[in-house]
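Please treat every number below as a calculation from the coordinates, not as lab data. Just so you know, these numbers come straight off a predicted model, no measurement behind them.
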Amino acid sequence: MPPLPPDEARRRLTAARIARLATVRADGGPHLVPVVFAFDGEVVRTIADPKPKRGLDLLRHRNIAANPAVSLLVDEYEESWQAIWWVRADGEGRVVEEGPERDATIDQMRAKYPQYATHRLEERPIIRIELDRLIGWGPELRG
């Protein structure tokens with residue numbers, strides 16, 4: 001299977017429901033967490049969901065503050081390996097604590113994920129990922 005064309009990689013990233021966000025810990029090791037996100041074709045934005053955590057001072061936020069290099073991976077696994085695919089978005093992350101971009105992201109997340117309709121998100125920072133590279137691999141879907 002060939003690499004995915006850029007427009008197909010963007011389409012699959014936009015449609016995906018969950019991704020894995022990789023950041024770099026202070027010791028240089030990887031830190032990987034599942035996230036929900038919104039993608040507008042150029043920038044990925046994510047917010048920590050309201051499930052119980054140890055507060056809003058998340059390791060992923062501290063990692064990005066120290067080293068903004070991040071990767072986001074979406075994929076589809078099928079028992080038929082002719083149907084598997086993945087898309088990886090590499091870029092520079094930044095934590096946004098307040099302002100219009102954060103507020104718009106909350107609206108995007110509520111539109112994409114109905115589960116957020118009843119959750120208070122206004123005090124939560126977002127992660128903004130400016131893409132440097134978008135690559136993917138798998139079959140092109142036709143139809």
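The GNM of the chain, with springs linking C-alpha atoms under 10 angstrom apart, assigns the highest mean-square fluctuation among 59, 72, 131 to 59. Among (1) 24.4, 94; (2) 15.5, 47; (3) 15.3, 54, only one was calculated for this model; which label is it, if the read-out is Rg and Dmax of the Cα atoms in Å? The listed entry that was calculated here is (2).
Quick check on the chain: helices-only [θ] at 222 nm, where DSSP H runs of length 4 and up contribute -39,500 (n - 2.57) each and the sum goes over total residues. Nearest 500, please. Kindly include the intermediate steps, with their values, before the conclusion.
Numbers: 3 runs with 31 residues, N = 143.
After summing the helix terms and dividing by the residues of the chain, the value is -6500 deg cm²/dmol.
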